[in-house]
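Read the structure below first, then the notes.
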Amino acid sequence: MPTVVLMDASLSMTRPVSLEPCSEELQRKNLAVAGLTMLFEHMATNYRLEFTSLVAFSSLWEQLVPFTRDYNILQEALSNLEDYDKTCLESALHGVSNVVQQEWGHACPTQVVLVTDGSLGIGKGSLRHSLQTLKGRPEDKKFPLPFPFPAKLFVMCIANAEELQMTDTMDNLDQLLQLNGGDGQIFTMEGQLCLKSVQSMFGRLIDAAYSPFPAVLRCGNLASDVQVFPRPEPVFLDEEIDPMPRHILTDLEIVGFIEIGDISSPPVMSRHLVLPIAVNKEVDEVGPGTTEEQEEETSANQQAGKAPNFCVLLHGSLKVEGMVALVQLGQSDAAENPYGEDDSKSPFPLQPKIKRSYAQNVTVWIKASGLQTDVQKILRNARKLPEKTQTFYKELNRLRKAALAFGFWELLKGVSELLERECTLLPDTAHPDAAFQLSHAAQQLKLASTGDSQYAAFDHNINPMHTDFSGGGAGM
């Protein structure tokens, strides 16, 4: 689950923090950098597989660091962050949407961490103005929320709740979360603005979104300490009248195995990695540590790599045998063995009890190979005319309807040219009816490719041409 850190670099972040007279003067920007440094150090230790990007914004936005697992680069970019002009959160959210879609597409769940001082900006471009003008916008100027991909939005305010409640900032930030579907949380600092309170605030963020999920994977008498990454979220079942969150157990029990061919490409709610954890390994949770500590950690990793591990054994065995393991994630009723008592039958693929009206064979051209197969099928039947007249026109009409449904006019013209070419390549021994049928079908497809309502109607079928030749499909 990638993370985008959206850092406010406006002038309001340079406001000084009121501390003790004898202490060093800090800016809100310094507190934000300290909190993010703590987050990056935690992720470098406990969330190493997380891809993180750093985006800075004021009136414009800039991606300072593309998605990476190197947290040293992120911290270096954070320490070199410059100050800019006023706050414009809407353009920054557009930037986050573009960055994520270019790298991960529309389906990857993402976490967005917005770090700001709570100043919403002034005038046009401010969050207050953006929320007031949500309605009546043209299609090309819509507000970026909700994101076109699954996303959680965490707002880290370098301000305490009392300061934010003096204005309408909290109400606007709450509305921002609601526009994103309510997924996320607003964090504020407690008490005086200082390093201790900002570390406490980012600690609450870590507990909510970046805490590891240790578990024990069991199979019979074998067991292994593992980490599930990313952390599984509670699941709500749609069929329940009053749905309650179902939490994943930390005791993962393998209840059986199934052939990979029977369960390939299953529908999933989320995808996770199950990673082995080295036993008795002490990890520094504060930072990367000194050079001696890093050398000790490297030595511990090497020793852990030599120790036998059930998780590694399971991965290799499943790969060799072509099987997948079925793991019980929560409390459920006992299930029967789908293969029967003697493992002699296979229930896959599952057959529905009732065949719905929409569960019919449809033309699917997701890949080029599917379209190529349909065209080749028509050409094979064309070369066997007039014996395959019925099959030829059946496949021809199926392709014609699919092309009209997709608006694929060029396909109809291209297939008509292929049929004309097949007509010229007919051998001298070919039945005379074959040439008539091919010319007739090519002409009908060419007329349909023009979009004329008379020949391009979806319900219209191309019927075989009536001829006087015996055995050529006459009377059909």
Notebook entry, point to check: If you take the square roots of the eigenvalues of the alpha-carbon gyration tensor of the stretch 105-168 and sort them as a ≥ b ≥ c, do you get rounded (a/c under 1.5), prolate (a/b over b/c) or oblate?
Noted result: oblate
Checklist line | Rounded FRET efficiency, nearest 0.05, which uses the C-beta distance separating residue 379 from residue 277 and R0 of 51 Å | finding: 0.30
Margin query: 7 Å from Cα along Cα→Cβ at both residue 454 and residue 367: what's the point-to-point distance in nm?
Written below: 4.2 nm
Margin query: Please compute the length gained on full extension between residue 435 and residue 166, using 0.36 nm multiplied by the number of residues separating them and subtracting their Cα-Cα distance.
Written below: 88.3 nm
Next item on the list: Over 31 Å between C-alpha atoms is what I'm after, so list which of 367/388; 135/401; 152/319; 86/135; 29/135 land there.
Entry: 135/401; 152/319; 29/135
Margin query: Loop only by DSSP, 14 or fewer other Cβ within 10 Å of the Cβ. Give me the GluC sites (Glu not before Pro) in the stretch 128-226 that pass, ordered by residue number.
Written below: 190
Notebook entry, point to check: If each of residue 312 and residue 142 carries a label point 7 Å out from its Cα toward its Cβ, how far apart are those two points in nm?
Noted result: 5.0 nm
Checklist line | At R0 = 60 Å, FRET efficiency that the Cβ-Cβ distance of residue 76 and residue 409 yields, to 0.05 | finding: 0.65
Item checked: Rough spin-label spacing in nm, given labels placed 7 Å along Cα→Cβ, for residue 426 and residue 134 -> 6.6 nm
Item checked: Three-way shape call for the stretch 130-217 based on the alpha-carbon gyration tensor, with the a/c threshold at 1.5 -> oblate
Item checked: By average C-beta atoms within 10 angstrom, highest first, the peptides 391-397, 112-118, 5-11, 174-180 -> 112-118, 5-11, 391-397, 174-180
Item checked: Tail beyond 21 Å, pair distance distribution of the stretch 368-476 (Cα, percent) -> 31 percent
Check: Which percent of the accessible area of the stretch 1-76 is formed by carbon and sulfur heavy atoms (probe 1.4 angstrom)?
Finding: 52 percent
Next item on the list: Give the shape of the stretch 33-118 as rounded, prolate or oblate, defined through the alpha-carbon gyration tensor: a ≥ b ≥ c are the square roots of its eigenvalues, a/c under 1.5 means rounded, and otherwise the shape is prolate if a/b is larger than b/c and oblate if not.
Entry: oblate
Next item on the list: Restrict the search to the stretch 42-151; then list the chymotrypsin sites (Phe, Trp or Tyr not before Pro) that DSSP places in a loop and that have at most 15 other Cβ atoms within 10 Å of their Cβ.
Entry: none
Notebook entry, point to check: Applying the Karplus parametrisation 6.51 cos²θ - 1.76 cosθ + 1.60 with θ = phi - 60° to the phi angles of the stretch 128-143, what ³J(HN,Hα) value in whole Hz is obtained for each residue in order, glycine and proline being reported as x?
Noted result: 4, 5, 5, 6, 6, 10, 5, 7, x, 7, x, 4, 7, 10, 6, 5
Next item on the list: May I ask you to give the solvent-accessible area per residue for the stretch 128-263, in square angstrom, as obtained with a 1.4 angstrom probe?
Entry: 55 Å²
Next item on the list: On the full set of protein chains, 1.4 Å probe, figure out the accessible area of residue 398 and give it in Å² to the nearest 10.
Entry: 80 Å²
Note to self: Need one value: the accessible area of residue 142 in square angstrom, 1.4 angstrom probe, rounded to the nearest 10.
What the structure shows: 100 Å²
Margin query: Could you derive backbone 3J(HN,Hα) for the stretch 118-123 from the dihedral phi with the Karplus parameters 6.51, -1.76 and 1.60 (θ = phi - 60°), listing whole Hz in sequence and x where the residue is Gly or Pro?
Written below: x, 7, 8, x, 10, x
Notebook entry, point to check: Amide H to amide H, which residues 5 or more places from residue 327 or on other chains are under 5 Å from it, using H placed in the peptide plane?
Noted result: 255
Next item on the list: Please give the FRET efficiency for residue 178 paired with residue 254, using the beta carbon to beta carbon distance and R0 = 51 Å, rounded to the nearest 0.05.
Entry: 0.80
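The values are calculated or read from the model by the stated rules, or taken from the named source; none is laboratory data. None of these values were measured; they are calculated from a predicted model. Using ideal geometry, Cβ is built from the backbone for each residue, glycine included, and neighbour counts are taken over all protein chains shown. Calculation scope for accessible area: heavy atoms of the full protein, side chains included, ligands and nucleic acids excluded. Shrake-Rupley method; radii C 1.70, N 1.55, O 1.52, S 1.80 Å.
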